[in-house]
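The values are calculated or read from the model by the stated rules, or taken from the named source; none is laboratory data. Given the structure is predicted, the values throughout are model-derived calculations rather than measurements. With ideal geometry, Cβ positions are generated from the backbone for all residues, glycine too; neighbour counts draw on all protein chains shown.
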Amino acid sequence: MIRPLICLLALFVTVFAAAEDAPLPSKDKFHLFLLVGQSNMAGRGVVEAQDVAVNPRVLMLSKEGKWVPAVDPMHFDKPSAGVGLGKTFGQIIAEANPGVTIGLIPCAVGGSPIDTWKPGVFYPATKSHPWDDMVKRVELALPAGTLKGILWHQGESDSLPGLAETYAAKLSDLVKRLRELVKAPEVPFIAGQIGMFDGVPWKPETILVDKAHRELPKDVPHTAFVTAEGLNHKGDKVHFDSAAYRELGKRYAAAFLKMTK
């Protein structure tokens, strides 16, 4: 009974917050972060009380394009959207930067292969254009603040024969195109690891994609890799559970603060 009530509360908070834009600080004090990738960036964790607690200095760009308090579910790619890593990340970065407001730009699309993150590409599963839709949200967000980082979690859909072999080159190209889009050639880009779940062996293709993530900092300047070691799935052997998403948020935040201290 408690869990459905929490979910209803999350919906109420989100709907209420979306009714009006939150007050924004000056552009230099509004630090923006782009959240891109597939379902493990969007988040599929069960929403709990802490996930709907509002921090006035952590905002998100809603589906309607308004700056509202960040609560989960932050994404809206599929009805299954839930707790992700973004809110925890934002809270930690806000705590580390007194006087600054964090703005999260959720753009992840569940199931999307890296090839769908190109101009003009339609993704039938969600009837969306992942790259083009992201561009619209970035163009809406950037006038209000300063982009400080790009968070990427994706790769499960490319862990297949014929796709994994070319993933590393595509990832490097994606970083380049994203930086060109936001006109920030050195903005930090952080890639997270595919789930390393006990009892769920990786395919050779998953190992190849993981290698691309691990070696990104060696191949592309101003990038970082975040491990998923020791984290649990939610029972489906693909998506992290809520606690794991929060821990991932901490790891992304630690990587960002290390890169920028």
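Things to note:
Here is a yes/no grid of residues against (1) more than 15 Å from GLY43 (Cβ to Cβ); (2) surrounded by fewer than 19 Cβ atoms within 10 Å (Cβ to Cβ); (3) in contact (Cβ under 8 Å) with a residue 24 or more places away in the chain:
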residue: GLU229; (1), (2), (3): yes, yes, yes
residue: ASN232; (1), (2), (3): no, yes, yes
residue: LYS237; (1), (2), (3): yes, yes, yes
residue: ALA244; (1), (2), (3): no, no, yes
residue: GLY249; (1), (2), (3): no, no, yes
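- Scanning region 77-104 for residues that are within 21 Å of ASP241 (Cβ to Cβ) and either at pLDDT below 95 or in a loop (DSSP other than H, G, I, E, B) (or both) gives ASP77, LYS78, PRO79, SER80, ALA81, GLY82, GLY84, LEU85.
- Restricting region 185-208 to residues that are aliphatic (A, V, I, L, M) and outside any loop (DSSP other than H, G, I, E, B), the residue that is surrounded by the most Cβ atoms within 10 Å (Cβ to Cβ) is ALA191.
- Selection of region 143-175 for residues being under 17 Å from the mean Cα position of the chain (by Cα) and part of a helix (DSSP H, G or I) yields GLU156, SER157, LEU171, LEU174, VAL175.
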